[in-house]
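Each reported figure results from applying straightforward, stated rules to the coordinates on display, with no laboratory input. These numbers were taken from a predicted model, which means no experiment stands behind them. Positions of Cβ are generated from backbone atoms using ideal geometry, with glycine treated the same way; all protein chains shown enter the neighbour counts.
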């Protein structure tokens, strides 16, 4: 086992260096920016079509009179500003408990992004929103408008107490995060997994892979190629993420503050996204290696890989049923199926807290990666390493 892993790392280092240090890889890095730009333009055009009920809601712990003044101020602003841009407010009766704001934030139904305490005279906003977020700015405007009708003009001082614990967000907002994670995972896997096929066909045509097979085990070759292409793909993702983060920082100073917070939190969700991308890439890449081992030309690769690509679309549709109902029978069945498991689990990370199911899912997916690699290497041994054995038919004796 140690020799197999050592040979796999040697093959991985060789393929990674040859891939990343080539000029074609630079062109490959520039390719996804064009469709991403189209997606952003399309998303910006269709953003106003979202459901108004999915707007963030701020709980107001105050007397009925103060909340009525605040609600009237919001209604007056509704007449001048599009209601789709204003946050919702909900009244919560004060109980005198100093921990009432924290308890309201921890409650999952309904989900509030922040809690306003102190009334109109000494307002304080408690939650995971930032002081410069859109929610805090709108609440300052609401309070100023309510004070103006009480003849209390002047700038509004609204301290924001930022909490580490993520607030309970509405289920629809978490479903949006789940679908976004699934879509991004699907696009990246389809975009990057095809590099394995082209490299394997090129080495088969040059007889390089047969030379490698004579020196190291076939399982090491396939594992090394998978690891090399996965690492090169992660390099590409790092470049694209850095450029995207720079663009977001230049356009907006809020970052991820205005996006729906996943159930496991942003750090764990991003880490799980990378892990499930690696699992999805390894699963699909192992299948593509089996296809490349069986095919002998680029035309055969296109013919054989088309059903796999179309099947991926069906698998993505199967995984989408888990969004909104992560504990249903359909979701559990889709999570057990290895090819759809990464998509289902990244959606679960957005909707359900807890990390132990993800550890079980990753172990299950690694088991299937090993099985797919074993089958692909077996196909390679039968279709390539035995291709030189040609049976020669005996000649018929010539007639006199």
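The figures follow:
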read-out	value
Fewest-first sequence of 234, 192 by Cβ atoms within 10 Å of each Cβ	234, 192
Burial order of peptide ranges 355-361, 91-97 (average beta-carbon count within 10 Å, highest first)	355-361, 91-97
Residues 343, 112, sorted so that the one with the fewest Cβ neighbours within 10 Å comes first	112, 343
